[in-house]
Amino acid sequence: MGLRELQDTVTEVRAGRGFTTDPVRILVLLTEEVGELAREVKRTWSPNYGPPRKAKLGEELADAFVCLCALADAFDVDLESEIHAKFLVQDGRRKWASAEGAGPDGAEPRPEERTR
C-alpha cells in the first residue's frame, strides 16, 4: 500500500469510527500523540523510566501518523506528493552542513550510543 492509499484508508476508517474532522481538534490530538511518543523516546536515555519498549514506541508512532494523515486530509493535502516535492526534490537541491560531519553511512550516533 502506498502512502496515498494509506492516507485514504486512514480517512475512511476514522470517518467510520465517527472521529473528528475539525483540524484544530486533530492538531490537539496530534500534539497529545507526539507527547506520548516523546515519553517513549525518553526511555532510550533516561534511567528513571525503565528500558525502551519497542512495541509501545511503534504504537505511538502509528497514532501520531494517523493524526498527521487526518490533519493533511482536513486541508486536502496529499502527503505522498508533498513529501516527494519538498523532501526529495526541493530539499535534495540543498547542501546540508549536517551531512559533512556524519559517519560513512551519513547517520548520527544511535540513541543508545549517546551519553545520558
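No lab work stands behind these numbers, since they all come straight from the coordinates. Fair warning: this is a prediction, and the values are worked out from it, not measured in the lab. In this analysis, Cβ positions are derived from the backbone assuming ideal geometry, glycine residues included, and neighbour counts consider all displayed protein chains.
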**Asked** Excluding CYS67 itself, what net charge comes from residues whose Cβ is under 12 Å from its Cβ, given Lys and Arg +1 and Asp and Glu -1?
**Response** -4
**Request:** May I ask which residue of PHE65, TRP45, LEU30 lies farthest towards the positive end of the charge dipole of the chain, with charges of +1 (Lys, Arg) and -1 (Asp, Glu) on Cβ and the Cα centre as origin?
**Result:** TRP45
**Request:** For the stretch 1-85, run through the trypsin sites (Lys or Arg not before Pro) and keep only the ones in DSSP coil with at most 13 other Cβ atoms within 10 Å of their Cβ.
**Result:** ARG17, ARG53
**Message:** Counting other beta carbons within 10 Å of each residue's own, what order do PHE87, PHE19 fall into, fewest first?
**Reply:** PHE87, PHE19
**Message:** Run the reach check for LYS95 against lysines, Cα to Cα strictly under 25 Å, same-chain hits fewer than 8 apart removed. What comes back?
**Reply:** LYS86
**Item:** Calculated mean projected area of the Cα convex hull in nm² (choose from (i) 9.7; (ii) 10.1; (iii) 7.5), label
**Value:** (i)
**Message:** Need one number: nm distance between label points at GLU100 and ARG25, each 7 Å from Cα along Cα→Cβ, rounded to one decimal.
**Reply:** 4.9 nm
